[in-house]
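Contents: one structure, followed by commentary.
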Amino acid sequence: MLDPRRLRTFTTVAAAGSLARAAEQLAFTPPAVSQQIAALERDLGTTLLERTSRGVRLTEAGRALLALATDVLARLDVAEATIKNLAREYLGPLRVAAFTSAGRTLLPRAFTTLRARHPRLRLSLTEVEPPDALDLLTAGDVDIAVGFSYDGAPQPAVPAVRVARIARDPLRVVVPPDHPLAGRNSVALTELADEPWIVGQPGAVCTMATLHACHGAGFEPRVRLNLGDFATVCGMVGAGFGVALVPELALPARPPEVRVLPIADDPLARHLWVAHRPAPEREHASLVTDAIAHLAAAAGTTAPR
């Protein structure tokens, strides 16, 4: 049977991109992290990580395990929190800061579950982008921050804040309904090299992620529009102004006529995380753990397929 502690170490290494950064986040020594990964590889009889000059890279087996381990650990967290808090009732408040698509799709289910278990809990939600959510968290203005990072960009490292990755949010190609590729089951980014692109605002992390993906596919995207909201992006795609990369969690806001295509060969994603400060009061810390567990469970079932 796989050791959950080793699985948690493995997911931390995968998110951090290096053994040294993972060791810092886990408060372990790098040799201790390396030993846990080696033990996990022995248990499975396969290599999970490849060492590179910049850190580590997941093997095919490592990528498969990461997808499964994230769900397993989230369910274990839910089980632990459920048993620990079964007979408790909390009054709150519990203040959450989250980005828009999480507030639209992820938080309603988590809030509903929490309210059913703790009827007198006072919940609040502030919609802000991840950097602002972390600022509110470090200032003590919220208890939990929900954010994201993209492939090629590290998770945030903020002193005195604990960050845990809870889900993978795949990026999809969105094209107009009459586009020549609209009938396909998937598309390679190289097939979109000559298309006009709709991206986020200059300097936004979603914009940098799109540019990074296009550069990795060997072309410079021809940007036609810079927009600040995925719903607007999808609307302009539907009107025929270009193509775009959109995370699955943001797709419910799209017009029904646009076509959504998976990326072939090298799927891209953004990674959802929750952050909280170590709570000085044990009861409050338990409530935060409970909320994070429900966020993780909601993230595993909310994204459209």
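Hull volume per residue, based on the alpha-carbon atoms of the chain and their convex hull, is 139 Å³. Springs between Cα atoms under 10 Å define the GNM used for the chain, and in it the highest mean-square fluctuation of Leu181, Leu73, Leu114 occurs at Leu181.
Under 5 Å from the amide H of Phe148 lie the amide H atoms of Trp273, each residue being 5 or more positions distant or on a separate chain, with H modelled from the backbone and absent for Pro and chain starts.
The phi-based Karplus calculation (6.51 cos²θ - 1.76 cosθ + 1.60; θ = phi - 60°) puts the 3J(HN,Hα) values of the stretch 231-237 at 4, 5, 4, 5, x, 6, 4 Hz, whole numbers, x for Gly and Pro.
Looking at the chain only, what percent of DSSP beta bridges run antiparallel? Nearest 5 please. Please report the intermediate quantities before stating the final value.
Details: 26 of 40 bridges.
Once the DSSP bridges in the chain are tallied, antiparallel ones form about 65 percent.
Our coupling estimate for the stretch 209-219, obtained by passing each phi through the Karplus curve with A = 6.51, B = -1.76, C = 1.60 and θ = phi - 60°, is 5, 5, 4, 4, 5, 5, 4, x, 7, x, 8 Hz, Gly and Pro reported as x.
Given a cut-off of under 8 Å on Cα pairs at least six residues apart, what relative contact order in percent is computed for the stretch 4-66?
On the way: 64 pairs, mean separation 20.1, N = 63.
Relative contact order comes out at 32 percent.
Listed values for the stretch 33-45 are Karplus-derived 3J(HN,Hα) couplings in whole Hz (6.51 cos²θ - 1.76 cosθ + 1.60, θ = phi - 60°), namely 5, 4, 5, 5, 5, 4, 5, 5, 5, 5, 4, 8, x, and x replaces Gly and Pro. For the chain, the relative contact order is 22 percent, taking Cα pairs closer than 8 Å that sit 6 or more residues apart in sequence and dividing their mean separation by the residue count.
Let's test the formula: R0 of 25 Å, r as the Cβ-Cβ distance of Glu60 and Met208. What FRET efficiency results, to the nearest 0.05?
Working: r = 27 Å, r/R0 = 1.07.
Rounded to the nearest 0.05, the efficiency is 0.40.
The longest stretch of the chain left intact once loop-based GluC sites (Glu not before Pro) with at most 16 other Cβ atoms within 10 Å are removed from consideration, loops following DSSP, is 90-256. Among Ser186, Ser34, the order by Cβ neighbours within 10 angstrom, fewest to most, reads Ser186, Ser34. Which one of Leu107, Leu189, Leu245 has the biggest mean-square fluctuation once the chain is modelled by GNM with Cα springs under 10 Å? Between Leu107, Leu189, Leu245, it is Leu189 that shows the largest mean-square fluctuation. Amide H contacts of Leu125: Val96, each under 5 Å away and 5 or more positions distant or on a separate chain (H built 1.01 Å from N in the peptide plane; Pro and chain starts excluded). Report, in whole Å, the centroid distance computed from the Cα atoms of the stretch 32-56 and the stretch 140-219. Between the Cα centre of the stretch 32-56 and that of the stretch 140-219, the gap is 27 Å.
Read-outs throughout are calculated quantities, based only on the coordinates presented, and are distinct from any laboratory measurement. Fair warning: this is a prediction, and the values are worked out from it, not measured in the lab. Don't worry about glycine lacking a Cβ; one is built from the backbone with ideal geometry, like all the others, and counts go over all protein chains shown.
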